[in-house]
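Below is one structure; the comments refer to it alone.
The values are calculated or read from the model by the stated rules, or taken from the named source; none is laboratory data. The structure displayed is predicted, hence computed values, not measured ones. Positions of Cβ are backbone-derived with ideal geometry, glycine not excepted, and every protein chain shown enters the neighbour counts. Just the protein is used for accessible areas: all its heavy atoms, side chains included, with ligands, DNA and RNA removed. Shrake-Rupley method; radii C 1.70, N 1.55, O 1.52, S 1.80 Å.
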Amino acid sequence: MADMITGSCLCGKVEFEVENQFEDLFFCHCQQCRKITGSAHASNLFGDPDGFRWLKGENDVTIFNYPDRQFTNVFCRHCGSGLPFLNSDGTKIIVPAGTLNSEPRFSRQSKIFHAEQTQWCRTGEQTRTFDGFPDD
Ligand SMILES: [Zn+2]
Ligand SMILES: [Zn+2]
């Protein structure tokens, strides 16, 4: 039997499971991914759609298709957390890595659209670090 990994949105209304063997983990620094995530980059795992299924809350999954490019944002309609989606031709399931409940396995990882990386992301990778909130 395949090794499965589970994930969910923040509020827990939506849960899914997917086979824990991904081809790629892409950190995408493009502007659209920054807008979608509100963060420095997207962190998306690409896997086999046959290994994916919703466990609950499929009716709470909202899909936004960006008109100008093949771009999709999928999220929980209650809490707004990003959620997995099929790519446009249905050959890959794209799973935002932060939605997973444990560590994924993947064959390789890449930074893509790195030319669009922000300066604040670049400097942030070398900044001071705390295990929790800062001391001061
Ligand atoms: Zn939610
Ligand atoms: Zn991107």
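Structural remarks
- Members of region 33-52 that are in contact with a strand residue (DSSP E or B) (Cβ under 6 Å, 6 or more places away or on another chain) and over 17 Å from Ser110 (Cβ atoms): Ile36, Pro49, Gly51, Phe52
- The residue that is most open to solvent (accessible area, probe 1.4 Å), among those in region 103-114 that are out of contact with any Asp or Glu (no Cβ under 9 Å at 6 or more places or on another chain) and among the hydrophobic types (A, V, I, L, M, F, W, C), is Phe113.
- If you go through region 12-52 and pick out every residue that is touching a Cys at 6+ places or on another chain (Cβ under 9 Å) and small (Gly, Ala, Ser), you end up with 5.
- Any strands (runs of 3 or more DSSP E) falling wholly within region 1-102 and containing at least 3 residues that are open to solvent by less than 60 Å² (accessible area, probe 1.4 Å): 4-8, 15-19, 22-28, 42-47, 71-76, 93-96
- Residue within region 1-13 that is of a type in the set (A, V, I, L, M, F, W, C) and in contact with a Phe, Trp or Tyr (Cβ under 7 Å, 6 or more places away or on another chain) present: no
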